1. Would you mind finding the one in A182, A228, A245, A277 that is farther than 30 Å from L105 by Cα and touching a Leu at 6+ places or on another chain (Cβ under 7 Å)?
2. All but one of (1) in a helix (DSSP H, G or I); (2) at pLDDT below 90; (3) open to solvent by less than 50 Å² (accessible area, probe 1.4 Å) hold for D44; state the number of the condition that does not hold.
3. Would segment 231-252 turn up any residue that is polar (S, T, N, Q), open to solvent by 30 Å² or more (accessible area, probe 1.4 Å) and at pLDDT 90 or above?
4. Kindly provide the set of residues from segment 101-135 that are crowded, with 17+ Cβ neighbours inside 10 Å, out of contact with any Asp or Glu (no Cβ under 9 Å at 6 or more places or on another chain) and either in a helix (DSSP H, G or I) or without any contact (Cβ under 8 Å) to a residue 12 or more places away in the chain (or both), ordered by number.
5. Would you point out the residue of segment 189-234, among those that are among the polar types (S, T, N, Q) and in a helix (DSSP H, G or I), that is nearest to A245 (Cα to Cα)?
6. Check off (1) more than 18 Å from V254 (Cα to Cα); (2) among the small types (G, A, S); (3) part of a helix (DSSP H, G or I) for A170 and give me the number that stays unchecked.
7. As an exercise: evaluate C150 against (1) farther than 18 Å from V108 by Cα; (2) touching a Lys or Arg at 6+ places or on another chain (Cβ under 7 Å) and give the number of the one condition it does not meet.
Amino acid sequence: MGTAVFLRRAGWKLLQRCEPVLKCRLTPTRRMFCKSATVWRFVDENKQQPQSSPRQDSETQQPGEQLDSEPWQHSHPGYTGQDGYESEGYESEEQLQQRILTASLEFVPKHGWTSEAIAEGAKSLNLSAAAMGMFDNDGSDLVFHFISQCNTQLNELLEEEHKLVQLGQAEKKKTDQFLRDAIEARLRMLIPYIEKWPQAMSIMLFPQNLPTALNLLTSMVDDMWHYAGDQSTDINWYTRRAMLAGIYNTTELVMVQDLSPDYKDTWQFLENRINDAMKVGHTAKQVKSTGDAIVQGVMGATITLKNMTGLNQRG
């Protein structure tokens with residue numbers, strides 16, 4: 001049983017790692033060099049040597065060493081703000097990106113999922129506009145950063161609930177109720193940005209962004225089924241996750257158009273879809289029907305999102 005579970009999860013992760021084959025971007029190596037060059041340019045533009053006191057010089061200078069020698073002696077450079085002073089400690093390029101993107105979320109309600117929001121985020125941290133060179137112009141970095149944050153929060157929530165059940169401090173939910181609550185909890189994280197979320201959904205539909213979007217979606221539904229206690233090792237393992245991904249996507253689409261109080265209609269729609277899914281068998285014919293329904297749902301979502309975001313408007 002342990003071997004089957006391992007092979008099943010390995011197969012699922014292998015599907016998620018097909019991303020480089022589908023991406024229409026720079027290869028990871030070339031992308032790394034481009035972003036590294038941007039970081040160094042960012043540092044050079046902001047680097048201003050403040051006047052050091054004689055006491056500081058005497059404390060840091062080693063015998064026979066010149067003050068200006070070896071200016072970069074750390075694996076990660078220090079980053080400076082517009083005031084010219086180096087921040088305390090050092091951070092990697094990835095850490096800097098995460099810090100900027102987190103700060104940028106505050107500006108999404110006004111600027112949307114755009115490079116303008118990221119620029120405002122960098123500005124709020126007193127960083128140079130050169131930092132923008134580390135991000136894609138389509139706003140996808142900001143969207144995927146937010147989704148990753150939400151998925152992490154959901155995982156922590158499900159883990160905590162699982163621990164309470166194990167300790168006997170909470171009652172184990174039925175599978176349908178557990179999945180419904182998990183999806184609702186995840187979708188409620190979108191509420192602060194709901195007015196701009198159709199734009200984020202359309203960004204994820206760009207061909208170059210689909211692999212990453214799919215990877216984040218499959219990881220999320222895998223976590224949901226894991227904490228729901230799914231022990232299947234056959235084709236059901238895949239169909240259950242595909243079905244839950246379809247339910248999440250269609251409910252998300254309903255949510256961005258829902259005007260009912262506290263999204264009451266959305267949660268009713270979600271409950272109906274979960275109930276339907278629990279009644280579905282897993283014959284080959286039904287599995288094919290499930291796949292066809294998901295594809296049709298994605299196509300319908302694409303058309304709806306284009307209409308909502310104005311991409312289908314004729315000039």
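1. Sole residue among the options that is farther than 30 Å from L105 by Cα and touching a Leu at 6+ places or on another chain (Cβ under 7 Å): A228.
2. Only one criterion in (1) in a helix (DSSP H, G or I); (2) at pLDDT below 90; (3) open to solvent by less than 50 Å² (accessible area, probe 1.4 Å) is unmet by D44, namely (3).
3. Among the residues of segment 231-252, at least one is polar (S, T, N, Q), open to solvent by 30 Å² or more (accessible area, probe 1.4 Å) and at pLDDT 90 or above, which makes the answer yes.
4. L105, V108, A119, A122, K123, A131, M132
5. Across segment 189-234, the extreme among qualifying residues is T218.
6. Going through the list (1) more than 18 Å from V254 (Cα to Cα); (2) among the small types (G, A, S); (3) part of a helix (DSSP H, G or I), A170 breaks only (3).
7. Only one criterion is unmet by C150, namely (1).
Every residue, every condition in (1) within 12 Å of the chain's Cα centre (by Cα); (2) in contact (Cβ under 8 Å) with a residue 12 or more places away in the chain; (3) crowded, with 16+ Cβ neighbours inside 10 Å; (4) not in a helix (DSSP H, G or I), yes or no:
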site: L142; (1), (2), (3), (4): yes, yes, yes, no
site: H145; (1), (2), (3), (4): yes, yes, yes, no
site: Q153; (1), (2), (3), (4): yes, yes, no, no
site: L158; (1), (2), (3), (4): no, yes, yes, no
site: E161; (1), (2), (3), (4): no, yes, yes, no
site: L164; (1), (2), (3), (4): no, no, no, no
site: D176; (1), (2), (3), (4): no, yes, no, no
site: L187; (1), (2), (3), (4): no, yes, yes, no
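The values are calculated or read from the model by the stated rules, or taken from the named source; none is laboratory data. It should be emphasised that the depicted structure is a prediction, and the values quoted were computed from it without experimental measurement. Glycine gets a Cβ as well: all are built from the backbone with ideal geometry, and neighbour counts include every protein chain shown. The area values use the complete protein model at the heavy-atom level, side chains included, leaving out ligands, DNA and RNA. Shrake-Rupley method; radii C 1.70, N 1.55, O 1.52, S 1.80 Å.
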